[in-house]
Amino acid sequence: MSDAAIGQPVLLDAAPTHLIISVKETRGRRGAAPARASRDLTDTIKLSQARRGDRGVIIQVGAHCHHQVEAVELERRLLELGFVEGARIELLHEGLFGRDPIAMKVDDMRVALRRHEAASLTIKLDVV
Amino acid sequence: MDMALKTARVALVGNPNSGKTALFNALTGAHQKVANYAGVTVERKEGLIRAASGRTLSVLDLPGTYSLRARSPDEEVTRDAVLGRLAGETPPDVVVCVADATNLRLVLRLILELKAVGRPMVLALNMYDIAQRQGLRIDLEQLRAELGVPIITTVATRKRGIDDLVAAIETQAEAAAQNENSWRSPDAAELRTAAREAERIMKVCVRPPERPDTLTGRIDSVLLHPVGGMIILMAILFVMFQAVFSWAAPLMDGIEGGIGWLGGLVAEVIPDGLLQSLIVDGIISGVGSVLVFLPQILILFLFIIALEDFGYMARAAFLMDKIMGGAGLHGRAFIPLLSSFACAIPGVMAARVIDSKRDRMTTILVAPLMTCSARIPVYTLIIAAFIPNETVWGFANLQGLVMFGLYAAGIVSALVVSLLIRKVFWRGAVEPFMMELPAYKTPDMRSVLFNLWLRAKIFLNRAGRIILPLVILLWVLATFPYPPENATMPDIDYSFAGMIGRALEPIFAPIGFNWQMVIALIPGMAAREVAVAALGTTYAIADAENATGLLASTLSAQWSLATALSFLAWYIFAPQCVATLGVVKRETNSWKWTWIMIVYMFGLAYLASFATYHVAVALGGG
């Protein structure tokens, strides 16, 4: 019922209300383009810090420093498994011990990772 | 016969979980040969088909991969086979890329890589029925134009689209020209470019499903629930073990009876003498002692294949990863280790699902420490003879407690050893754990049974080829030379096995073994439970396996408690099973690793028995 209220244009005069409504719209559409809401309200974190239910977009794969062979290899493997900049992420499940590993939706595919590997992915969370 | 139609070589390539193997089975049916690639332990599956034109197609099912940039032995085979540089293999005339129509993004990037190789190609859009059911719209014309390869839609499990696929392969084999191979290992920037290109093609050709699969998400919210998922996993394991041990029992009794009957029959037909002894005591009872595990292995594989096809195995690996990871193992090592509770042979074979070589080696090395069912006859004999059947702490049966302790000792030592292997051999390197969680699918009963039959064939084939020569060798050792005319002791005492036993006796004296035990260990190398029969032989008790009560009372009179406990400790660790060692050699393709296993397991067995014996003697058990 509360959703019906969103559709009432009469209430949309004040700017803050409008902002909230637009955010709700984005949340309502899963798998849609990255949130159109104001950048100030988004949060950039490592994927390894994400919690169950978090949604966002990958903004960086791999660490900046590429000294180690393993880091370069890990970046390529992640890319091959669909972890590319711009892909949508939704964290679905966490393991029992230490909330590790994690299972997530990457675009339309389900993938499991350890938090250790997830640390080399940076995501921008959707505005909640 | 039209000689102009030369055999076309076809290679199947695709992502894991794309239904590639199902398509291979649909194409080739029962006409397939399973072997290993020369020099590596990767399974090579090839099948022949006769096309409507009369041409023969030789189809190779290559291991699933996300990229030609290989990182595991399996993926190296795929890469080298596609590039035509695999030793001993003819390069493929046509590459068939198998794609899950409902999950195209990653395979599109793989196709871009495959195109660079320049071989004629066909794209098989598999599981097309599921895509249609989901209302997923794929513009096939547009996709064909974008990729420049013919596209055939297939439903491998229903054998739909197979004829069209064969026809398309033939056309490509004939018409399409080989282009220059411009493939090279892509770096991160090139991977990003390719991923963007794949994304663009997706946008142009594929409309998202109208009715996306929500079932997988709903099942996952139960099966991957941190607590509930664990409980369900344990329940599944419980049922699996119940099945392995109770359903298999009548079948195993049947096989044992059959082997006994066959032995008796042969003994009647062939006159007493060397040939009869070789066939009855050597070959029939030796091979029989391994064959008897076939029902357990089949039931185990039935569960594993059905759960794998359903999509649960990746979830089990997810749930167990943290626990396994604590011991330096991969989540996927869980299933091979679990299988090893029935028998280490399928366990070692199942380690193929682990793609990192290090994790696979570690898993194979510790798999035989799991208490396999061949240890049970030895454990029950010694426990019945030496451990009083009484209640301790008001509720626990002492005999059951000792049995539990033996199982626990196996598990704990496997975890400790795998941790040490990682520290010593791999110097703490951690392999990343990342895997796709495939959408759930109802297992197709026919394909489950087909795969089960394949597994059984492989087990019998491998076990047969390894076990047969070894049991003959053990028979020779236990038979020759003959005892003298006026022999007072059992025949085996005068044989090579007896001589070896007596020669080794000083080595085993510090751990409390007498010479009869040492002799029994030698034929006991055939399989662990053979030691029971061998002890019967050295203590001159006929038909010891059926008269364990008599044997147990003899042993309790002859051995001290310390000796008995030492013998139990020995059996936790000692690699008393040539069949397992043979399979390890085959699966690791390395004598080095096989010897590492033999040495560390005998070493641990000796140390454990030594400690057990001396502690027991000190406590008054001598």
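What area, in nm² and to one decimal, does the C-alpha convex hull of the protein assembly as shown cast on average over all directions?
Numbers: hull surface 164.1 nm².
In nm², the orientation-averaged hull projection of the protein assembly as shown is 41.0.
So if we plug the beta-carbon distance of B:Ala51 and B:Leu473 into 1/(1 + (r/R0)^6) with R0 = 60 Å, what FRET efficiency do we get, rounded to 0.05? Before the final figure, lay out each step's value.
Numbers: r = 47 Å, r/R0 = 0.79.
Efficiency, from the Cβ-Cβ distance: 0.80.
Work out the FRET efficiency for B:Ala145 and B:Phe241 from their Cβ-Cβ distance, taking R0 = 45 Å, and round it to the nearest 0.05. Write out the running numbers ahead of the final one.
Values: r = 54 Å, r/R0 = 1.20.
With a Förster radius of 45 Å, E is 0.25.
Mind checking the mean number of beta-carbon atoms from other chains within 10 Å of the Cβ atoms in B:435-447? Write down the numbers at each step before the final one.
Values: counts 7, 7, 9, 2, 3, 0, 0, 0, 0, 0, 0, 0, 0.
Across the residues of B:435-447, the mean count of other-chain Cβ atoms within 10 Å is 2.
Roughly how crowded by other chains is peptide A:77-90, in terms of the mean Cβ count from those chains within 10 Å of each of its Cβ atoms? Each step should come with its number before you reach the end.
Working: counts 7, 4, 12, 14, 7, 8, 2, 9, 3, 4, 3, 0, 0, 0.
Going residue by residue through A:77-90 and averaging, the value is 5.
Report the Cα centroid-to-centroid distance between region B:435-459 and region A:79-95 in angstrom, as an integer.
28
Rounded to the nearest 100 Å², what is the buried accessible area between B and A, both sides summed, probe 1.4 Å? Intermediate values should be presented prior to the final figure.
Values: alone 27990 and 8810 Å², together 33530 Å².
Buried area (both sides, nearest 100 Å²): 3300 Å².
Report the antiparallel proportion of the DSSP beta bridges in chain B as a percent, rounded to a multiple of 5. Numbers along the way, then the final one.
On the way: 16 of 35 bridges.
So the antiparallel bridges in chain B amount to around 45 percent.
Dipole size in debye (nearest 20) for region B:40-114 around its Cα centre, Lys and Arg Cβ +1, Asp and Glu Cβ -1?
Working: 10 positive and 11 negative charges, 36 e Å.
Its charge dipole is roughly 180 debye.
Of the options B:Pro73, B:Val59, B:Thr157, report the single residue whose Cα projects farthest towards the positive end of the charge dipole of region B:3-207 (beta-carbon charges: Lys, Arg +1; Asp, Glu -1).
B:Thr157
Using only alpha carbon pairs under 8 Å that are at least six residues apart, calculate the relative contact order of chain B and give it in whole percent. Intermediate results must be reported in sequence, preceding the final value.
Values: 925 pairs, mean separation 63.8, N = 622.
Across chain B, relative contact order equals 10 percent.
What does the charge dipole of the protein assembly as shown about its Cα centre add up to, to the nearest 20 debye, if the Cβ of each Lys and Arg holds +1 and the Cβ of each Asp and Glu holds -1?
1780
At a probe radius of 1.4 Å, what is the per-residue accessible area of A:His93, in Å² to the nearest 10?
10
Over all directions, what mean area does the Cα convex hull of region B:417-509 project, stated in square nanometres? Walk me through the numbers on the way to the answer.
Numbers: hull surface 52.5 nm².
Across all orientations, region B:417-509 yields a mean hull projection of 13.1 nm².
Put +1 on the Cβ of every Lys and Arg and -1 on every Asp and Glu Cβ in chain B; which of B:Leu307, B:Ala569, B:Thr612 then has its Cα farthest towards the positive end of the dipole?
B:Leu307
Just report the Cα centroid separation between region B:112-188 and region B:281-303, whole Å.
After rounding, the separation between the Cα centres reads 43 Å.
In region B:3-207, what percentage of the DSSP-assigned beta bridges are antiparallel, given to the nearest 5? Kindly include the intermediate steps, with their values, before the conclusion.
Working: 14 of 33 bridges.
Close to 40 percent.
Which entries in the list B:Lys20/B:Lys441; B:Lys20/B:Lys357; B:Lys33/B:Lys592; A:Lys46/A:Lys105; B:Lys45/B:Lys159 go over 21 Å, if you measure between the two C-alpha atoms of each?
Details: B:Lys20/B:Lys441 15 Å; B:Lys20/B:Lys357 23 Å; B:Lys33/B:Lys592 29 Å; A:Lys46/A:Lys105 16 Å; B:Lys45/B:Lys159 19 Å.
Table pairs above 21 Å Cα-Cα are B:Lys20/B:Lys357; B:Lys33/B:Lys592.
Mean Kyte-Doolittle hydropathy of -1.0 or higher plus an axial Cα length of 30 Å or more: which whole DSSP H helices in chain B meet both? Please report the intermediate quantities before stating the final value.
Working: long enough: B:248-269 (31 Å, 0.94); B:398-424 (38 Å, 1.74); B:445-479 (48 Å, 1.24); B:591-616 (37 Å, 0.97).
What comes out of the filter, once short or polar helices are dropped, is B:248-269, B:398-424, B:445-479, B:591-616.
State, in angstrom, two size descriptors of region B:3-207 derived from its alpha carbons: Rg to one decimal place and Dmax to the nearest whole number.
Radius of gyration, then largest Cα-Cα span, for region B:3-207: 16.1, 48 Å.
Within region B:65-106, find all residues whose amide N lies under 20 Å from a label point positioned 7 Å from the Cα of B:Lys592 along Cα-to-beta-carbon.
Answer for this model: B:71-74, B:76-77.
How much length is gained if the chain between B:Asp272 and B:Val402 is pulled fully straight, taking 0.36 nm per residue apart and subtracting their Cα-Cα distance, in nm to one decimal?
Numbers: separation 130, 0.36 × 130 = 46.80 nm, distance 4.32 nm.
Additional length available on full extension: 42.5 nm.
Using only the Cα atoms, what convex hull volume per residue in Å³ does region B:179-314 have? List each step's numbers first, then the result.
Numbers: hull volume 39.1 nm³, N = 136.
Taking the convex hull of the Cα positions in region B:179-314, it is 288 Å³ per residue.
How shielded is B:217-224 by partner chains, expressed as the average number of their Cβ atoms within 10 Å of its Cβ atoms? Please report the intermediate quantities before stating the final value.
On the way: counts 3, 0, 0, 4, 2, 0, 1, 7.
That average works out to 2.
Please give the length that would be gained between B:Met499 and B:Met234 if that part of the chain were fully extended, namely 0.36 nm times their separation in residues minus their C-alpha to C-alpha distance (nm, one decimal).
Separation in residues times 0.36 nm, less the Cα-Cα distance, equals 90.6 nm.
Viscosity 1.567 mPa s, temperature 4 °C: what is the translational diffusion coefficient of chain B from Stokes-Einstein with a Kirkwood Rh over Cα pairs, rounded to a whole number of µm²/s? Please report the intermediate quantities before stating the final value.
Numbers: Rh = 27.1 Å.
Calculated translational D: 48 µm²/s.
Which of the listed residues, B:Val292, B:Gln242, B:Ile255, is farthest toward the dipole's positive end in chain B, when Lys, Arg count +1 and Asp, Glu count -1 at the beta-carbon?
Ranked along the dipole, the leading option is B:Gln242.
What does the charge add up to near B:Asp491, with Lys and Arg as +1, Asp and Glu as -1, over the other residues with Cβ less than 14 Å from its Cβ? Before the final figure, lay out each step's value.
Details: positive: none; negative: B:Asp272, B:Asp281, B:Glu485, B:Asp493.
Summing Lys and Arg as +1 and Asp and Glu as -1 gives -4.
Against the globular-protein guess of 2.2 N^0.38 Å, express the Cα radius of gyration of region B:87-182 as a ratio, rounded to two decimals. Before the final figure, lay out each step's value.
Values: Rg = 13.7 Å, N = 96, 2.2 N^0.38 = 12.5 Å.
Relative to the 2.2 N^0.38 Å estimate, region B:87-182 comes out at 1.10.
If you count, for each residue, the other Cβ atoms within 10 Å and average over each peptide, how do B:595-605, B:569-579 line up from highest to lowest?
Working: B:595-605: 16.8, B:569-579: 24.0.
Ranking the peptides B:595-605, B:569-579 by packing returns B:569-579, B:595-605.
The values are calculated or read from the model by the stated rules, or taken from the named source; none is laboratory data. No experiment lies behind these values; they were computed from the predicted model shown. Glycine gets a Cβ as well: all are built from the backbone with ideal geometry, and neighbour counts include every protein chain shown. In case anyone asks, the SASA skips ligands and DNA or RNA and just uses the protein heavy atoms, side chains included. Shrake-Rupley method; radii C 1.70, N 1.55, O 1.52, S 1.80 Å.
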